[in-house]
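Please treat every number below as a calculation from the coordinates, not as lab data. Source: prediction; values computed, not measured. Backbone-built Cβ (ideal geometry, glycine too); neighbour counts: all protein chains shown.
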Amino acid sequence: MTIVGLGLPRRLVEFTVDGEAVRVPEGSTILDACAAAGKDIPTLCFGDTLEPANACRVCMVEVEGSRTLVPSCSRKAEPGMVVRTETDRTRLSRKVVLELLGSATDLSTTPDVAGWMAECGAEPERFGPPAPASDDRDDRRPGEHEIPDGLTAATVRQPVKVDNELYVRDYGKCIQCYKCVDACGEQWQNTFAITMAGRGFDARISTEFANPLPDSACVYCGNCVEVCPTGALSFKREHDKREAGTWDESRQTATTTICTFCGVGCSLTLHVQDNEIVKVTSPHESSVTHGNLCIKGRFGWQHVQNR
Ligand code: SF4
Ligand code: SF4
Ligand code: FES
């Protein structure tokens, strides 16, 4: 007999967003309510399978009576709240955040960010051309900062880390959203192969002692790649195709099936381009995987091409 847990019914919370009355189940966030009302709030560090990290601050909205703007991705809806998503304050806040991120980070593979920047008038280029990539970010020590030259924008650029055949780390695209750290750590994988190192502008995601991935605790589940919002982490096949100019999502199909490696029954989504599997993900709404896989499901398909 299959037993399905129905959970307790939740009270509805009523409040207003941009003058419209909305009702959402108790425990929902303002972002949930905005999504239900068809309002598009930008998010970067928010992950639908992760606890809110509140790291990026692009999702800020105004709540009447609150001194500061609040992050919509984590703030729970309360009865009678009056929320405004498009005001001078929210637009200015978003503009500043996107300008600072855009001046320091390569956002060229971050979905939707160009549109958000255009909407709020963000001009990251006003800080000057990006400074050259630095190859010593992993060695930087807290409190020892380089003196800016005043002509170029300081950036987190560094050489792309290609040290294994499965996935690539391009930390010049990293916005330090913590999603990979949380996915690798106690929220999903419990491997703790990566964490934040350094302080302030020198903060960066790192393995222990900045070791190459093959010498780290990484078990190559790829769950960090799954949640990375900017493309800082990408599958090697995707990275190589982007480098060669042959990555084309408009020519890709996605087919969801069940992994056959073991009896757990994980859902796999096979992304196929030109009759070739180019990456494997898992549906975030799957009650078995919640978007996570092990190395076999994530990367154990390469033999399919070796006919
Ligand atoms: S592949 Fe898995 S184990 Fe390795 S760093 Fe990413 S989440 Fe952690
Ligand atoms: S590598 Fe990606 S997921 Fe990890 S902190 Fe950077 S942007 Fe976020
Ligand atoms: S998406 Fe809300 S703080 Fe980043």
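Per DSSP H run of n ≥ 4, the term is -39500 (n - 2.57); total these for the chain, divide by its residue number, and report the mean residue ellipticity at 222 nm rounded to 500 deg cm²/dmol.
-5000 deg cm²/dmol
Using the Kirkwood formula over every pair of different C-alpha atoms, what hydrodynamic radius in Å results for the chain?
21.4 Å
By the gyration tensor of its Cα atoms, with a ≥ b ≥ c the square roots of the eigenvalues, what is the shape of the range 167-304: rounded for a/c under 1.5, prolate for a/b over b/c, or oblate?
Cα axes put the range 167-304 in the oblate bin.
Could you tell me, in Å, what Rg and Dmax come out for the Cα atoms of the range 29-134?
In Å, with Rg to one decimal and Dmax whole: 14.7, 50.
If you place +1 on the Cβ of every Lys and Arg, -1 on the Cβ of every Asp and Glu, and leave all else neutral, what size is the dipole of the chain about its Cα centre, to the nearest 20 Debye?
Here the size comes out at about 460 debye.
Pick from PHE235, PHE127, PHE46: which is most flexible by mean-square fluctuation in a GNM of the chain where alpha carbon atoms under 10 Å apart are linked?
Comparing PHE235, PHE127, PHE46 in the GNM, the peak value goes to PHE127.
What is the distance in Å between the Cα centres of the range 224-288 and the range 38-100?
30 Å
Sequence gap at least 6, Cα distance under 8 Å: using those rules, report the relative contact order of the range 167-304 to the nearest whole percent.
21 percent
Under the definition of Cα pairs under 8 Å and six or more residues apart, what whole-number percent is the relative contact order of the chain?
With pairs under 8 Å counted, the relative contact order is 12 percent.
Taking only Cα atoms and a 10 Å spring cutoff, compute GNM fluctuations for the chain and point out the largest among HIS290, HIS239, HIS145.
Checking each option, the largest mean-square fluctuation is seen for HIS145.
Among GLU144, GLU26, GLU99, which one shows the biggest mean-square fluctuation in a GNM of the chain, springs joining Cα atoms closer than 10 Å?
Looking only at GLU144, GLU26, GLU99, the largest GNM fluctuation is found for GLU144.
Select from the range 189-263 those trypsin sites (Lys or Arg not before Pro) which occupy a DSSP coil region and have at most 16 other Cβ atoms within 10 Å, ordered by residue number.
In loop regions of the range 189-263 (DSSP not H, G, I, E or B), the sparsely surrounded trypsin sites (Lys or Arg not before Pro) are ARG199.
Please report, in debye to the nearest 20, how large the charge dipole of the range 167-304 is about its Cα centre when each Lys and Arg carries +1 at its beta carbon and each Asp and Glu carries -1 there.
Dipole of the range 167-304, to the nearest 20 debye: 40 debye.
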